[in-house]
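Trainee: Can you read through this structure? Questions will come right after.
The values are calculated or read from the model by the stated rules, or taken from the named source; none is laboratory data. Values in this document were obtained by computation on a predicted structure and should not be read as measured data. Ideal geometry is used to build each Cβ from the backbone, glycine not excepted, and the neighbour counts take in all protein chains shown.
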Amino acid sequence: MKPMLWRVFCPLASMGNTSAIIPGHYLAVNPEEREQLRAEIEVLVARDLFGIRRDEMCYILDPATIYGEECPIETFRVLKNNEIREFGEYRTQRLVLDTWDQLAL
């Protein structure tokens with residue numbers, strides 16, 4: 001599956017519209033679309049730029065997913081707690097890992 005980023009920017013850039021790759025020129029107004037784009041960016045940077053594996057990304061997002069709930073290390077506690085309160089889940093973790101799996105296909 002091509003990332004949403006690819007579907008948004010590549011057609012515009014191929015038509016000579018280089019402003020399409022300048023930050024702020026494409027505005028994702030829909031909050032769900034913004035969150036999906038953010039997840040894609042996080043996956044592409046982690047995987048393709050830094051060479052991070054999926055299990056390492058799981059650890060980065062929440063070490064407890066690897067070492068269990070008794071793990072004393074927390075990486076994004078405030079984000080996790082806020083998202084659980086607001087969405088009933090650690091939404092960033094789900095979006096990033098789901099996107100990771102989708103982009104691996």
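Trainee: Please list, ordered by residue number, the helices (runs of 4 or more DSSP H) wholly in region 25-105 having 3 or more residues that are of a type in the set (Asp, Glu).
Mentor: 31-44
Trainee: If you don't mind, there's one more thing I want to ask. How many residues are more than 20 Å from Pro31 (Cα to Cα) and surrounded by 12 or more Cβ atoms within 10 Å (Cβ to Cβ) when one looks only at region 51-91?
Mentor: 18
Trainee: A further question on this structure: Can Gly88 be described as out of contact with any helix residue (DSSP H, G or I) (no Cβ under 6 Å at 6 or more places or on another chain), on the phi > 0 side of the Ramachandran plot, at pLDDT below 95 and not charged (D, E, K, R)?
Mentor: No.
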